[in-house]
Amino acid sequence: MIKYSKENLKGLIEPYLYQQLDQEEYLLENLDPYELISKSRFDLNAKLLFLDGFNRNNYDYEDLYYSFINAFTLGTFNEPGNINKNSFEIFKSTFKNIFNSINNEEFNNNKSIIPISREGIILNGSHRLAAAIKLKKRVTCIRLDIKAPCYDFKFFKNRQVSNDFLDQCAMKQIMISQDIFTAIIWP
């Protein structure tokens, strides 16, 4: 664990989270990205599927990724707090740049840190986390005393993501989760 002063965290986490910091020092945790997979961040699966296609130089999952970003932003493709991220094309190119950066440099905590809730659910940074999972690279996180939002299966179903896309993401979560088990009870 590394100690960071509140001032040193400026620019490494999103401004709306920085404003909620109430301590002078924070511990940064270096975590296996698989520890941060959660049913509360179902959108992570769409990003991992998109990367599956990206790694094969095809875009099998571009429509799926589009539908999740569309649902998240209610069709605006505007990321809160980032006026430059305002179209699907920018979401895609930014995601590819994040992937390439983590692939080339590891996860660089001098560029960003993934904020997580007290329960270990990511508050922001799902693109960075997806890239780290895909590349099997550890991530630097800061645990904040903030309740995590719930972006689960129901959230995206309520925002009209197709059942086919939801099913593909559920299968991806089953494949990557370390804490999902199946039991067959035979008479």
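In the neighborhood of residue 23, defined by Cβ-to-Cβ distances under 10 Å, what is the net charge if each Lys or Arg adds +1 and each Asp or Glu adds -1? Intermediate results must be reported in sequence, preceding the final value.
On the way: positive: 6; negative: 22, 24, 25, 145.
Neighbour charge sum, excluding residue 23 itself: -3.
How about the range 147-187: which trypsin sites (Lys or Arg not before Pro) there lie in a loop by DSSP and see at most 11 other Cβ atoms within 10 Å?
Numbers: sites: 147, 154, 157, 159, 172; in loops: 147, 159.
Listed in order of number, the matching sites are 147.
Once you've got the GNM for the chain with C-alpha springs shorter than 10 Å, pick whichever of 19, 168, 160 has the biggest mean-square fluctuation.
19
When the helix-only estimate is applied to the chain (DSSP H runs of n ≥ 4, each -39,500 (n - 2.57), divided by the residue count), what is the mean residue ellipticity at 222 nm, nearest 500 deg cm²/dmol? Working shown, then result.
Details: 7 runs with 77 residues, N = 187.
Counting only the DSSP helices, I get -12500 deg cm²/dmol.
Quick one: net charge around residue 38, please, counting Lys, Arg +1 and Asp, Glu -1 for every other residue with C-beta under 11 Å from its C-beta.
Numbers: positive: 39, 41; negative: 35, 43, 119, 152, 179.
Neighbourhood net charge equals -3.
If you put +1 on each Lys and Arg Cβ and -1 on each Asp and Glu Cβ, how big is the dipole of the chain around its Cα centre, in Debye rounded to 20?
Numbers: 23 positive and 23 negative charges, 18 e Å.
Once rounded to the nearest 20, the dipole reads 80 debye.
Report ³J(HN,Hα) in whole Hz for each residue of the range 41-52, in order, from the Karplus equation J = 6.51 cos²θ - 1.76 cosθ + 1.60 where θ = phi - 60°; Gly and Pro get x.
Those phi angles translate into 10, 4, 4, 4, 5, 5, 5, 5, 5, 4, 5, 4 Hz.
What whole number of Å gives the distance from the Cα centroid of the range 64-120 to the Cα centroid of the range 140-181?
16 Å
Between residue 39 and residue 10, how many nm apart are label points set 7 Å from Cα along the C-beta direction?
With each label placed 7 Å out from Cα toward Cβ, I get 4.2 nm.
Just to confirm a number: summing +1 for Lys and Arg and -1 for Asp and Glu over residues other than residue 53 whose beta-carbon lies under 14 angstrom from that of residue 53, what do you get?
On the way: positive: 47, 56, 92, 96, 134, 172; negative: 52, 60, 62, 63.
Taking every Cβ under 14 Å from that of residue 53, the sum is +2.
What does the C-alpha gyration tensor say about the overall shape of the chain? Classify as rounded when a/c is under 1.5, otherwise prolate if a/b is larger than b/c, or oblate. List each step's numbers first, then the result.
Numbers: a/c = 1.57, a/b = 1.31, b/c = 1.20.
It is prolate, given that a/c is not under 1.5 and a/b is the larger ratio.
How much of the DSSP beta bridge set in the chain is antiparallel, as a percent to the nearest 5?
On the way: 10 of 15 bridges.
If we restrict to bridges inside the chain, about 65 percent are antiparallel.
How much of residue 65 can a 1.4 Å solvent probe reach, expressed as accessible area in Å² and rounded to 10?
Surface open to solvent at residue 65 totals about 0 Å².
Select from the range 25-106 those GluC sites (Glu not before Pro) which occupy a DSSP coil region and have at most 16 other Cβ atoms within 10 Å, ordered by residue number. Walk me through the intermediate numbers first.
Numbers: sites: 25, 29, 35, 62, 89, 105, 106; in loops: 106.
Passing sites in the range 25-106 are 106.
Just to check I understand the Karplus step: with θ = phi - 60° and J = 6.51 cos²θ - 1.76 cosθ + 1.60, what whole-Hz values come out for the range 13-21, glycine and proline as x?
Once rounded to whole Hz, the list reads 10, 4, x, 5, 7, 4, 5, 8, 5.
The values are calculated or read from the model by the stated rules, or taken from the named source; none is laboratory data. Note that the coordinates shown come from a computational prediction; the quantities given were computed from them, not determined experimentally. Reconstructed Cβ throughout: ideal geometry from the backbone, glycine too, with neighbour counts over all protein chains shown. Side chains included, ligands, DNA and RNA excluded: accessible areas come from the protein's heavy atoms. Shrake-Rupley method; radii C 1.70, N 1.55, O 1.52, S 1.80 Å.
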